[in-house]
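Q: Structure incoming, see below.
The values are calculated or read from the model by the stated rules, or taken from the named source; none is laboratory data. Nothing here was measured: the structure is a model prediction, and the numbers come from that model. Cβ: placed from backbone, ideal geometry, glycine included. Neighbour counts: every protein chain shown.
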Amino acid sequence: MLPVPEEIESVIQAKDAEDGLFTEWAVHSALRAAADKVGDVSKDLRPGALAEMMAFGFMPAFDGGGEDPWRSFFRPMMSGTLESGEPFYSPDIRQADSSIVEHWAGRSHSVRHPILRARYADLVWDLGRQITQSSQRDVELARAAIDAYLELAATESAKHTLDRFQWAKRGMSLAIQIGDEERTDRGRGALLELHHESKFRADGTWWPRAYDFLISSRRTRLTDAEREALVADLETTIASCSEAQSGRFNPHDVADAGRRLVAHYTRLGRPEDVRRIWEIVARAHEHHASLGTAMLASHFLAESLEAFKRAGLHKEVGRVRVLMEQKIEESRGEMTEISTEVKVDAERIEAALQKLIVENDAQTLANIAVEFLLKPDNLRREIEHLAEVAPLMSMLSRSIVSDNRVVGIVGAVADDILGQQIQHGLQNLNFNTRLLDRAVKIAIERHAVSPDYLVGWANQRGLFESDTELLRAGFQAWQDGDYAKALHLLIPQVERALRAAVGAVGLPVTKAGRIAGTSVAINMGDIIYDDATIAALGVLGPFLKIHFACLFCDPRGWNLRNDFAHGLLSSEHVGLGAVLWLVHSLLVLGCWEPPVN
């Protein structure tokens with residue numbers, strides 16, 4: 001074996017002499033402290049020091065997490081990308097060679113404690129072949145690792161219950177990998193023993209760990225009797241944890257056990273049991289909803305509603321939906337307003353707006369259209385910047401509540417960039433409303449812009465053909481201050497123009513109706529959320545998508561078109577701000593040109 005610095009060797013020997021359980025991480029921490037004391041290591045001791053530091057620096061992927069550059073069980077503790085673009089791993093198997101692998105193999109034979117035996121032997125089995133570029137592996141090392149893992153799993157220690165489950169699973173996985181039925185059976189026995197030891201303890205959710213692993217593959221050799229016993233334990237869990245008056249009431253355990261039982265009974269073709277389990281889950285969530293605030297209740301009732309639906313209890317679905325609507329409405333009173341003051345330089349803003357207004361009236365309208373149009377790339381950059389300065393917030397999802405319902409959910413930045421863009425775009429629209437108002441007023445004063453002029457601008461590409469009377473009436477209502485009339489007239493005209501643009505690029509403007517043989521006109525949502533259609537609209541397409549989604553047809557944004565169409569637009573939203581953005585949208589459509597092949 002390689003020579004090792006005395007301070008590091010003393011850590012290994014001390015840990016090997018311990019009688020109780022400890023974790024691989026405890027060894028790593030002790031080695032790290034010893035290495036810090038040693039400082040610079042002489043050249044002849046560096047390989048041995050590296051071998052020991054690497055041995056306990058790798059992270060075992062018990063649950064499959066972490067970066068996996070080597071398709072292995074042991075993975076780097078840290079990973080990243082260097083300025084050169086090269087991947088960075090620590091530890092990195094590229095630092096090791098055959099002498100280090102031989103050192104680990106030697107250690108596996110010389111140490112006594114099962115933690116050390118398991119780690120050294122498993123490292124050689126798992127990573128040795130990649131390090132040495134050899135096609136051969138010593139199966140005896142796998143057997144040694146299995147025996148050590150199962151010895152650890154059998155050592156009683158409530159403190160290390162999770163570790164014991166992990167060790168048993170790794171030992172059994174290795175036994176399955178090498179086709180060792182005797183050790184596979186021993187591993188299964190160890191897992192079942194752990195399951196029986198801890199299944200009904202209140203200090204941790206241990207009951208599903210053995211079940212999930214043992215039913216995952218036929219190669220676990222789980223017997224029918226053992227499977228039935230595990231299912232019976234799931235039934236016991238769901239029964240005891242769903243009892244509202246019991247000290248064990250736990251809707252989360254009910255849902256987790258229920259999910260597993262539903263999968264089990266579905267495989268067996270027992271729909272009556274599937275429905276029974278879903279009803280238990282639904283009632284547990286409903287009771288949970290009664291224990292907290294209205295805001296929490298609305299969330300748990302949504303889960304209850306879904307479970308009742310899966311149980312096929314449609315009357316209960318309706319009853320819970322009514323209750324959920326009530327709680328959502330109540331929850332509005334529990335919300336607090338969060339505001340911030342933004343100071344702006346009025347003179348600088350006025351100067352910037354004045355630059356939009358040029359001598360040419362058409363260029364002025366084009367400037368206003370482009371300046372206030374939401375830009376997808378800009379929104380993405382702003383969102384990514386916010387994620388850097390507030391990383392935790394970027395990982396959270398948000399529910400958008402309107403009256404008595406949740407109308408939309410914005411996911412985390414990494415999962416829902418479109419939702420984030422729409423939500424951030426809405427903030428931009430709200431902030432820019434006064435600026436847009438001022439810019440339009442300056443343009444009207446400077447160029448005497450009339451409703452007829454605006455009609456001509458919006459219809460430059462013939463999107464309204466010769467039927468422009470409703471469009472003109474809408475512009476006139478806006479200038480007269482009749483905002484309710486303007487909204488009613490202009491919202492349909494925006495959708496009409498967008499549909500005409502789709503037809504102008506040779507795409508269909510109808511879709512199949514609900515009744516066979518009939519057709520209906522496509523709507524704004526059909527256009528905005530169809531990537532092929534957006535691409536066909538040319539350069540302006542992506543801008544129209546984000547801007548119109550935010551303003552008109554996505555509940556994560558203003559949703560002006562949909563709320564108007566379904567009678568959900570309240571009087572407080574019928575005002576100059578909404579109409580201004582309608583007028584702006586028509587200015588944007590006036591800038592659209594069909595793409596030229």
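Q: Mind counting the residues in the stretch 198-242 that are among the polar types (S, T, N, Q), touching a helix residue (DSSP H, G or I) at 6+ places or on another chain (Cβ under 6 Å) and in a loop (DSSP other than H, G, I, E, B)?
A: 1
Q: Another one. Given the condition among the polar types (S, T, N, Q) and not assigned by TED's automatic domain parsing to the domain that holds ASP403, answer yes or no: does some residue in the stretch 589-597 qualify?
A: yes
Residues are listed down the side, and each one gets a yes or a no for (1) outside the structural domain of GLU303 (by TED's automatic domain parsing); (2) touching a Cys at 6+ places or on another chain (Cβ under 9 Å):
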site: GLY171; (1), (2): yes, no
site: ASP180; (1), (2): yes, no
site: GLY187; (1), (2): yes, no
site: THR236; (1), (2): no, no
site: ARG248; (1), (2): no, yes
site: ASP253; (1), (2): no, yes
site: LEU268; (1), (2): no, no
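Q: Just name the residue that is farthest from ALA297 (Cα to Cα) out of those in the stretch 330-341 that are touching a residue at least 12 places away in the same chain (Cβ under 8 Å) and more than 27 Å from the chain's Cα centre (by Cα).
A: Filtering first and then ranking leaves GLY333.
Q: Check ALA168, ALA154, ALA148 and return the single one that is touching a Leu at 6+ places or on another chain (Cβ under 7 Å), within 20 Å of PRO114 (Cα to Cα) and among the small types (Gly, Ala, Ser).
A: ALA168
Q: I would also like to ask the following. Any residue at all in the stretch 562-576 that's among the β-branched types (Val, Ile, Thr) and part of a helix (DSSP H, G or I)?
A: No: zero hits.
Q: Filter the stretch 504-535 down to residues that are farther than 23 Å from GLY557 by Cβ and in a helix (DSSP H, G or I), then give me how many there are.
A: Result for the stretch 504-535: 1.
Q: State all residues of the stretch 1-26 that are touching a residue at least 60 places away in the same chain (Cβ under 8 Å), among the β-branched types (Val, Ile, Thr) and in contact with a Gly (Cβ under 9 Å, 6 or more places away or on another chain); if no residue qualifies, say none.
A: Within the stretch 1-26, none qualify.
Q: Considering the stretch 224-249 alone, what residues qualify as being surrounded by fewer than 19 Cβ atoms within 10 Å (Cβ to Cβ) and closer than 23 Å to GLU286 by Cβ?
A: GLU235, THR236, ALA239, SER240, GLU243, ALA244, GLN245, SER246, GLY247, ARG248, PHE249
Q: Now for a separate question. Limited to the stretch 199-229, what total is found for residues that are of a type in the set (A, V, I, L, M) and under 32 Å from the mean Cα position of the chain (by Cα)?
A: 4
Q: In the stretch 19-127, which helices (runs of 4 or more DSSP H) lie fully inside it and hold 1 or more residues that are polar (S, T, N, Q) and at negative phi?
A: 24-38, 98-110
Q: Give all pairs with beta carbons closer than 7 Å in which a residue from the stretch 134-162 that is within 18 Å of THR184 (Cα to Cα) and of a type outside the set (Ser, Thr, Tyr) meets a residue that is at pLDDT below 95 and part of a helix (DSSP H, G or I); count only pairs at least 6 apart in sequence or on separate chains.
A: Correct list of pairs: LEU152/ARG164; ALA153/ARG164; ALA153/LEU194.
Q: Is it true that some residue in the stretch 32-44 is within 19 Å of PRO114 (Cα to Cα) and either at pLDDT 95 or above or surrounded by fewer than 17 Cβ atoms within 10 Å (Cβ to Cβ) (or both)?
A: No, because not a single residue in the stretch 32-44 is within 19 Å of PRO114 (Cα to Cα) and either at pLDDT 95 or above or surrounded by fewer than 17 Cβ atoms within 10 Å (Cβ to Cβ) (or both).
Q: Report, ordered by the first and then the second residue, all pairs with beta carbons closer than 6 Å, sequence separation of six or more or different chains, a first member in the stretch 291-317 that is under 14 Å from TRP278 (Cα atoms) and touching a residue at least 12 places away in the same chain (Cβ under 8 Å), and a second member that is among the aromatic types (Phe, Trp, Tyr) and assigned to a helix (DSSP H, G or I).
A: ALA307/TRP278; ARG310/TRP278; ALA311/TRP278; GLU316/PHE308; VAL317/PHE308
Q: Hey, could you check the stretch 439-455 for residues that are hydrophobic (A, V, I, L, M, F, W, C) and more than 47 Å from the chain's Cα centre (by Cα) and say which is surrounded by the fewest Cβ atoms within 10 Å (Cβ to Cβ)?
A: Step by step, filter the stretch 439-455, then rank; the result is ALA448.
Q: Let me ask something else. Tell me which residues, restricted to the stretch 485-500, are aliphatic (A, V, I, L, M) and more than 35 Å from the chain's Cα centre (by Cα).
A: Hits for the stretch 485-500 are ALA486, LEU487, LEU489, LEU490, ALA497, ALA500.
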